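A quick write-up on the structure given underneath.
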Amino acid sequence: MKKGKIAVRIAAFLGCALLMIYGLTVLLKDRRVTFDYDTTRKVEGFYAEEKNSLDFVFIGSSQMFTSVVPAVLWEEYGITSYDFGANEQPMYLSYYYIKEALKYQNPKAIVLEMSYCNTEDYTHEGVFHINLDDLRMGPVKLEAIFDLIPAGDRFPYIFELAKYHDTWTTLDKDSLRSITADKHNPYKGYTPSTQGFADGGKFDEDIASVTEKAELADLSVEYMEKIIALCEKEGVDLVFLKTPNDHIQNQPEYNAVADLAAAHDIPYLDLNNQMAGQLHNHVFHAETITKRIGEWLTGLYEIEDKRENPEYAKWHEDADYYYRYKHQLKLNDAESFEEYLSGLAGKDYVVCMAVNQDGGAYLSEEAVSLMEQLGAQIDVSANGGKSYLAVLENGFVHAESCSDEVVAYENRVYEHHISMISQGAQSGCNASIVIDGVEYAPNGKGFNVVVYDPKLDLILTSRSFEITE
């Protein structure tokens, strides 16, 4: 009896110890949520997708997840997909990502991106941690660790607290918030990039004429063969993809992949020898690339268009995150006040305006009309030199003031504290738009405009426009 009680107590102690270790690991683990490529959100978001709900799972490195936009595949074709990858991912790590993906999804095909098709040796510790840390602990992750990591280096991959025990000194609000936040990723693993050319740049015609074929490294070929065998065993199609990166020096490698694909009757789309691109493609060009991929995939497979299917209504909401981000870039590129205002009209944004010195004397009729569409009720064009501020939301007026004197506003909007000041030519020449203690107004002459998106919960743009004759 006593032995039984002792065993129960030991089991309870060990259980509590394991829970404590797990909790500390979750708290202190390096959560890459503030990094450029948000690996943690990308991987955790995959697990949050409904089981067996994806038509395609894209596997690969950052060249994949900055070029393939699941929102575009959804809006254009009604395809459900996810970018499941991590930075600098070679084939031997892609193998385990595919193995993990097939535990949760039964897609029409795995789409394997070929940027790292010719890795001669195992990568460095940093890449291993970026690729393995956010995978769920289980048979696949353990197999990867024991297969790829030297015996003496495995401990911090299995017992992660050993590596991250001192990261409490660098914990920030985003990392803490992400621990309890919904893991759902509306971008479906895609990472928007503003690198490179918005139009893709000029295509190097010489790439299309490269016919040489490299001899691929044994290590890469070994794992590509394992990937092929795995997909055959699981009864899932495999297709190869190369996103465009403008690397003429790597084209012989991509040509060699074509031979491997042909030998195994695997469809292969090499866009590097067909269109312009960069290492990480710009958001606007990624949309063009994704449409080409969508045309290719719909030519290979009969895919149910799910856009009208009420069971997939959430996909429309998720796609909206991408299109809002894309619209943000267009707003930042607007050259005139009129172009900027037309980009705001009809949108569910909170638009904060504060005039410095003079914003009305030379305001065009088009600009006045667009401001009225936003909800403005005061004709600022008739009040040149006066102070003016407004907080407008798709026709609703939170605040609007115009005076010879200083005008100010302070309130909470969507749980954010907003404090504004406008001083026209007669009252000091200044404009301030402070949100949650941060000054966003450029304080340039004329209209200073700060736009908040309540759905994305972020400041979209902060611009100033001097209105001259």
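Read-outs throughout are calculated quantities, based only on the coordinates presented, and are distinct from any laboratory measurement. None of these values were measured; they are calculated from a predicted model. Virtual Cβ from ideal backbone geometry, glycine too; neighbours counted across all protein chains shown.
Helix-only arithmetic for the chain: the sum of -39500 (n - 2.57) across DSSP H runs with n ≥ 4, divided by the residue total, places the mean residue ellipticity at 222 nm at -12000 deg cm²/dmol.
The Rg/Rh ratio of the range 340-469, with both radii computed over alpha carbons and Rh defined as the Kirkwood radius, is 0.93. Loop only by DSSP, 12 or fewer other Cβ within 10 Å of the Cβ. Give me the GluC sites (Glu not before Pro) in the range 82-128 that pass, ordered by residue number. When the GluC sites (Glu not before Pro) of the range 82-128 are filtered for loop state and at most 12 Cβ neighbours within 10 Å, 120 remain. Net charge of the neighbourhood of residue 418, taken over other residues with C-beta under 13 Å away and scored Lys/Arg +1, Asp/Glu -1, is -4.
Sorted from longest to shortest, the spans of the Cα atoms of the range 270-367 along the three principal axes equal 60, 39, 22 Å. Loop-located GluC sites (Glu not before Pro) in the range 258-355 (DSSP state not H, G, I, E or B) with no more than 13 neighbouring Cβ atoms inside 10 Å: 302, 304, 308, 335. So what are the ³J(HN,Hα) numbers for the range 54-67, from phi and the Karplus equation (6.51, -1.76, 1.60; θ = phi - 60°), rounded to whole Hz, Gly and Pro as x? Computed from phi, the couplings for the range 54-67 are 9, 6, 9, 10, 8, 10, x, 9, 5, 5, 7, 7, 9, 10 Hz. The smallest convex shape that holds all Cα atoms of the chain, its convex hull, gives 198 Å³ per residue. The phi torsions of the range 305-318, fed into the Karplus equation with coefficients 6.51, -1.76 and 1.60 and a -60° offset, translate into couplings of 7, 8, 4, 9, 7, x, 5, 10, 4, 4, 5, 5, 4, 5 Hz, rounded to whole numbers, with Gly and Pro shown as x. Exposed loop sites are taken as trypsin sites (Lys or Arg not before Pro) in a DSSP loop (any state but H, G, I, E or B) with at most 15 other beta carbon atoms within 10 Å; the longest stretch of the chain without one runs 214-454. When the listed pairs 242/306; 51/141; 108/233; 213/233 are checked against a 22 Å cut-off, the alpha-carbon distance exceeds it for 242/306; 213/233.
What the Cβ-Cβ distance of residue 225 and residue 305 gives, at R0 = 30 Å and to the nearest 0.05, is a FRET efficiency of 0.30. Counting only Cβ charges, +1 for Lys and Arg and -1 for Asp and Glu, the dipole size of the chain around its Cα centre is about 2420 debye.
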